[in-house]
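Okay, so here's the structure we're looking at.
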There are 2 protein chains.
Amino acid sequence: MGLRFEIVARDPGTRARLGRLHTAHGVVETPVFMPVGTAGTVKGMTQGTLEDLGVEILLANTYHLYLRPGHEVVREMGGLHRFMGWPHPILTDSGGFQVMSLKGLGRVTEDGVWFRSHLDGSAHFLSPERAVEIQLALGADIIMTLDECVEYPASHEALKRAVKLTGRWAGRCKAALGQRNSEFRIQNSESSEPPTPSPQHPVPTPDSPLPTPALFGIVQGGTDLALRRESAEELLNIGFDGYALGGLSVGEPKSETYEVAESTAELLPQDQPRYLMGVGTPEDLVECVARGIDMFDCVMPTRNARNGCVFTSEGRLVIKNAQYARDDRALDPACECVVCRRYSRSYIRHLFVVGEMLAGILATHHNLYFYLDTMRKIRQAIEFGKYEALRSRVRARP
Amino acid sequence: MGLRFEIVARDPGTRARLGRLHTAHGVVETPVFMPVGTAGTVKGMTQGTLEDLGVEILLANTYHLYLRPGHEVVREMGGLHRFMGWPHPILTDSGGFQVMSLKGLGRVTEDGVWFRSHLDGSAHFLSPERAVEIQLALGADIIMTLDECVEYPASHEALKRAVKLTGRWAGRCKAALGQRNSEFRIQNSESSEPPTPSPQHPVPTPDSPLPTPALFGIVQGGTDLALRRESAEELLNIGFDGYALGGLSVGEPKSETYEVAESTAELLPQDQPRYLMGVGTPEDLVECVARGIDMFDCVMPTRNARNGCVFTSEGRLVIKNAQYARDDRALDPACECVVCRRYSRSYIRHLFVVGEMLAGILATHHNLYFYLDTMRKIRQAIEFGKYEALRSRVRARP
């Protein structure tokens, strides 16, 4: 489909791989961390700042964009890239995770999932076909299959049922995308002129069809390695552009997250990208890259920032604490981000105490820098074949 | 004191003047608009963005900084420039306006004003001497005398009393600053080594004394031209580095604001800066520069932005309105700011509807650009001696 993945280097001592993901909106260096832009914005960051930070791909949430402004509005505005003013790669989730997190508001059937909007209680139905349709309207470069994500802990029976349903839904998603592709080809052959991209807006105009996205399947199975294998095999039989690990970082012990990541990554094709959804801390990223993961997303750097929790080379720091009131050091004296070069802990603490917007802006900027810098160090360590050295350094942190 | 003001050009058809204000932290081109950084931050803007926008001087509020983080904390952190990471000029108000706006929480006496904090109800006292002391701790380039600002409409008696008290307080402020200066000179002559400014932080270190600020007196008198004259004459007798017009834009008709600005400006020295406090709309700026004003501050561009009201070359626009849901034009298609070059009305409306931080950030950025661009056009029109042409264009706006 619309995706090419190449492996550029492998670390000799671990399963870490350095790769390049070629999408319709540019190349993404992997391993990559995708900041979360829930409603089409990474909270507190301008798109220009994200570019300055070196962000190469964003994640946006289908559920939120479906409710507001509505995927049809986004489609009419030329797709999410143009709507957001972000001419770089975007991945959208299927909406399933959010829908199923709305405790008591969702009901899963074979056909799909009924849910009520958290905004106004209105009833909606999300099927695999509908999830693809909405994501196509949004126009992301990578879209996800609808999956059933169960809570932790779950019974073997519940996990097994979710794995089976996730497999059937994955097949329906692929068929729905294939259906759209054949319609797209017919439309295209009827059109006399190809769409001409504007040099200033290298994103589709409202009238031109969006390029076909890549579709990733999602492996479920909780912490049950046999079920993970079963799920992976079903998805491999269907065939996707990439494979995600869902249902992790939902409360299980960290050692199990790592074990599932490692053993599931083992089952997936060497030449395709592997995406661990919703993970995690900077340490998790380092550990899971070592186990063969290429892509991550997590709200942690952005959400924690807004709550005044910042990541530093010496551990986390709750900047609102009174001890920082007269501390004129940078958030992280070892950090080279523009926030750490300009502002003191004292100032940023003051901003949090008085509830200023700039508090969240600066903390988010710093945390994203910290995550993206961690990924740069990860990629460099793989390139030099020195991943264990990086991992030891990170493990030795306070 | 610490201020030199030079007039570079005068418009032949109006009273508009082009000038340069030389402060300890750099030169400010006048006429100038000072964005308001209430608590040591222009809400939603990083200091880097303010620099990119071409902001040359900020206003900060003594009242707010006195309460949080406290002027002693700011002093210990090396003064407001260093605390905020803003190595450019800063003006602080005296705190009087905020204190007297706290309806029912303030009580004016000959000595000063008793007030209760809007945060915790704690009692505080602000005298002219205390206002200077706090502003010296903050370390701004330009500080303001404590004045009594009365509500509109006010009786002649109340206005007269405020003018007299403002005059006496102005004298006490000047004396307090003079007292500090002689102490400062003694300290300096005792010190064996002069403070060495660091090239990276051209702001005082916590241990070095801050340069003496310029002190501006504030003319009161409401819309009574005779009282304005009386107030101006009292202040001129004391002698200040610059003169402000206070107590305007508090509810009086616009024609009276302009009349008072014009006739008061007439009374003030030609070779000193004139600052119209708390004014106003872009049209007000154009009109009042024509009447001889050099400096302005107002929360309007920033506060309106956060409420979704944006200034454009075709008038104001309430971006939250449903009519913009599918409008893919820029906020102001004629504007060249980075917001208008990148984002659509549709997107920015969406951000407001879902309550995203980026909504206020983008609208504030655009509004400040609009104000600063208006000031650039004003300065250019004076330079070219074509101020009336600019004024006609602005008056012809929808």
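Suppose the filter is open to solvent by 10 Å² or more (accessible area, probe 1.4 Å) and within 11 Å of chain B (Cβ to nearest Cβ); does residue A:46 pass it?
Values: open to solvent by 10 Å² or more (accessible area, probe 1.4 Å): yes; within 11 Å of chain B (Cβ to nearest Cβ): yes.
Yes; evaluated as a whole, the condition is true for this residue.
Is it the case that region B:310-320 has a residue that's surrounded by fewer than 22 Cβ atoms within 10 Å (Cβ to Cβ), within 30 Å of residue B:16 (Cβ to Cβ) and within 14 Å of another protein chain (Cβ to nearest Cβ)?
No; the residues of region B:310-320 include none that is surrounded by fewer than 22 Cβ atoms within 10 Å (Cβ to Cβ), within 30 Å of residue B:16 (Cβ to Cβ) and within 14 Å of another protein chain (Cβ to nearest Cβ).
Select from region A:57-66 the residues that are surrounded by fewer than 22 Cβ atoms within 10 Å (Cβ to Cβ) and either away from every other protein chain (no Cβ under 13 Å) or farther than 25 Å from residue A:288 by Cα (or both) and list them in ascending order.
Within region A:57-66, just A:64 meets the criteria.
Just one of B:88, B:71 is more than 9 Å from chain A (Cβ to nearest Cβ) and out of contact with any His (no Cβ under 6 Å at 6 or more places or on another chain); which is it?
Matching residue, one of B:88, B:71: B:71.
Could you tell me whether region A:132-145 includes any residue that is under 29 Å from residue A:57 (Cα atoms) and open to solvent by 40 Å² or more (accessible area, probe 1.4 Å)?
Yes, some residue in region A:132-145 is under 29 Å from residue A:57 (Cα atoms) and open to solvent by 40 Å² or more (accessible area, probe 1.4 Å).
Can you go through A:243, A:258 and tell me which one is modelled with pLDDT of 95 or more and under 27 Å from residue A:24 (Cβ atoms)? Break it down stepwise before answering.
Working: A:258 fails: under 27 Å from residue A:24 (Cβ atoms).
A:243 is the lone residue from the list that is modelled with pLDDT of 95 or more and under 27 Å from residue A:24 (Cβ atoms).
For (1) in a loop (DSSP other than H, G, I, E, B); (2) among the aromatic types (Phe, Trp, Tyr); (3) in contact with a helix residue (DSSP H, G or I) (Cβ under 6 Å, 6 or more places away or on another chain), each residue gets a yes or a no:
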site: B:257; (1), (2), (3): no, no, no
site: B:275; (1), (2), (3): no, yes, no
site: B:284; (1), (2), (3): no, no, no
site: B:287; (1), (2), (3): no, no, yes
site: B:301; (1), (2), (3): no, no, yes
site: B:317; (1), (2), (3): no, no, no
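If you scan region A:111-131, which residues turn out to be farther than 22 Å from residue A:58 by Cα, of a type in the set (A, V, I, L, M, F, W, C) and in contact with a helix residue (DSSP H, G or I) (Cβ under 7 Å, 6 or more places away or on another chain)?
Answer for region A:111-131, where residues must be farther than 22 Å from residue A:58 by Cα, of a type in the set (A, V, I, L, M, F, W, C) and in contact with a helix residue (DSSP H, G or I) (Cβ under 7 Å, 6 or more places away or on another chain): A:113, A:115, A:119, A:126.
Say whether the condition of being closer than 30 Å to residue A:359 by Cα, touching a strand residue (DSSP E or B) at 6+ places or on another chain (Cβ under 8 Å) and in a loop (DSSP other than H, G, I, E, B) is met by at least one residue in region B:107-117. Spell out the reasoning first.
Step one: filter region B:107-117 for residues closer than 30 Å to residue A:359 by Cα, giving B:115-117.
After this cut, where a residue has to be touching a strand residue (DSSP E or B) at 6+ places or on another chain (Cβ under 8 Å) as well, the list is B:115-117.
Within this subset, residues satisfying the condition of being in a loop (DSSP other than H, G, I, E, B) are B:117.
Looking for residues that are closer than 30 Å to residue A:359 by Cα, touching a strand residue (DSSP E or B) at 6+ places or on another chain (Cβ under 8 Å) and in a loop (DSSP other than H, G, I, E, B), one finds at least one in region B:107-117, hence yes.
Kindly provide the set of residues from region A:361-378 that are over 12 Å from residue B:41 (Cβ atoms), open to solvent by less than 10 Å² (accessible area, probe 1.4 Å) and facing chain B (nearest Cβ under 10 Å), ordered by number.
Hit for region A:361-378 is A:364, nothing else.
I want to confirm something. Restricting to region A:23-35 and keeping residues that are open to solvent by 10 Å² or more (accessible area, probe 1.4 Å) and either of a type outside the set (A, V, I, L, M) or within 14 Å of chain B (Cβ to nearest Cβ) (or both), which single residue is nearest to residue A:214 (Cα to Cα)?
A:23
Regarding region A:381-394, can at least one residue be identified that is open to solvent by less than 30 Å² (accessible area, probe 1.4 Å), within 14 Å of chain B (Cβ to nearest Cβ) and either part of a helix (DSSP H, G or I) or small (Gly, Ala, Ser) (or both)?
Checking region A:381-394: not a single residue is open to solvent by less than 30 Å² (accessible area, probe 1.4 Å), within 14 Å of chain B (Cβ to nearest Cβ) and either part of a helix (DSSP H, G or I) or small (Gly, Ala, Ser) (or both).
Among (1) of a type in the set (A, V, I, L, M); (2) in contact with a Pro (Cβ under 8 Å, 6 or more places away or on another chain); (3) within 10 Å of chain A (Cβ to nearest Cβ); (4) farther than 20 Å from residue A:75 by Cβ, where does residue B:325 come up short?
Result: residue B:325 passes all but (4).
Within region B:229-266, work out how many residues are in contact with a Pro (Cβ under 8 Å, 6 or more places away or on another chain) and open to solvent by 50 Å² or more (accessible area, probe 1.4 Å).
2
Looking at region A:340-355 only, could you name the residues that are of a type outside the set (Val, Ile, Thr), at the interface with another protein chain (Cβ under 7 Å from one of its Cβ atoms) and open to solvent by 20 Å² or more (accessible area, probe 1.4 Å)?
Correct list: A:342 only.
Restricting to region A:228-254, name every residue that is among the β-branched types (Val, Ile, Thr) and part of a helix (DSSP H, G or I).
If we filter region A:228-254 for residues that are among the β-branched types (Val, Ile, Thr), which is where we start, we get A:238, A:250.
Selection gives A:238 alone.
With the checklist (1) more than 21 Å from the chain's Cα centre (by Cα); (2) open to solvent by 20 Å² or more (accessible area, probe 1.4 Å); (3) of a type in the set (Ser, Thr, Tyr) in hand, flag the one item residue B:117 doesn't pass.
Only one criterion is unmet by residue B:117, namely (2).
Given the conditions (1) at pLDDT 95 or above; (2) under 22 Å from residue B:145 (Cα atoms); (3) not aliphatic (A, V, I, L, M), which single one is not true for residue B:2?
(1)
Can you confirm whether region B:85-99 contains a residue that is aliphatic (A, V, I, L, M), more than 21 Å from residue B:25 (Cα to Cα) and either in contact (Cβ under 8 Å) with a residue 24 or more places away in the chain or open to solvent by 10 Å² or more (accessible area, probe 1.4 Å) (or both)?
Yes; the residues of region B:85-99 include at least one that is aliphatic (A, V, I, L, M), more than 21 Å from residue B:25 (Cα to Cα) and either in contact (Cβ under 8 Å) with a residue 24 or more places away in the chain or open to solvent by 10 Å² or more (accessible area, probe 1.4 Å) (or both).
One residue is enough: does region A:113-129 have a residue meeting the conditions free of Cβ contacts under 8 Å to residues at least 40 places away in the same chain, polar (S, T, N, Q) and more than 13 Å from chain B (Cβ to nearest Cβ)?
Checking region A:113-129: at least one residue is free of Cβ contacts under 8 Å to residues at least 40 places away in the same chain, polar (S, T, N, Q) and more than 13 Å from chain B (Cβ to nearest Cβ).
Any idea which residue in region B:23-77 is nearest to the chain's Cα centre (by Cα), counting only those that are assigned to a helix (DSSP H, G or I) and over 16 Å from residue B:137 (Cα atoms)?
Here the answer is B:50.
Among the residues of region B:330-339, which ones are away from every other protein chain (no Cβ under 11 Å) and either closer than 12 Å to residue B:363 by Cβ or open to solvent by 40 Å² or more (accessible area, probe 1.4 Å) (or both)?
Residues satisfying the conditions are B:331, B:332, B:333, B:334, B:336, B:337.
Is it the case that residue A:358 is without any contact (Cβ under 8 Å) to a residue 12 or more places away in the chain, crowded, with 18+ Cβ neighbours inside 10 Å and in a helix (DSSP H, G or I)?
yes
Can you tell me which residue is surrounded by the fewest Cβ atoms within 10 Å (Cβ to Cβ) among those in region B:1-22 that are over 17 Å from the mean Cα position of the chain (by Cα) and not in a strand (DSSP E or B)?
Only one residue fits best here, namely B:12.
Read through the list (1) within 21 Å of residue B:122 (Cα to Cα); (2) among the aromatic types (Phe, Trp, Tyr); (3) within 10 Å of chain A (Cβ to nearest Cβ), then give the number of the only condition that residue B:83 fails.
It fails just one condition, (1).
Please indicate, with yes or no, whether at least one residue in region B:321-336 is of a type in the set (S, T, N, Q), part of a helix (DSSP H, G or I) and under 18 Å from residue A:47 (Cβ atoms).
There is no residue in region B:321-336 that is of a type in the set (S, T, N, Q), part of a helix (DSSP H, G or I) and under 18 Å from residue A:47 (Cβ atoms).
With respect to residue A:381, determine if the residue is of a type in the set (Gly, Ala, Ser) and under 23 Å from residue B:41 (Cα atoms).
no
The values are calculated or read from the model by the stated rules, or taken from the named source; none is laboratory data. Because the structure is predicted, anything quoted here is derived from the model rather than measured. Cβ atoms come from the backbone with ideal geometry, glycine included; neighbour counts cover every protein chain shown. To get the accessible areas, we keep the full protein, side chains included, count just its heavy atoms, and leave off ligands, DNA and RNA. Shrake-Rupley method; radii C 1.70, N 1.55, O 1.52, S 1.80 Å.
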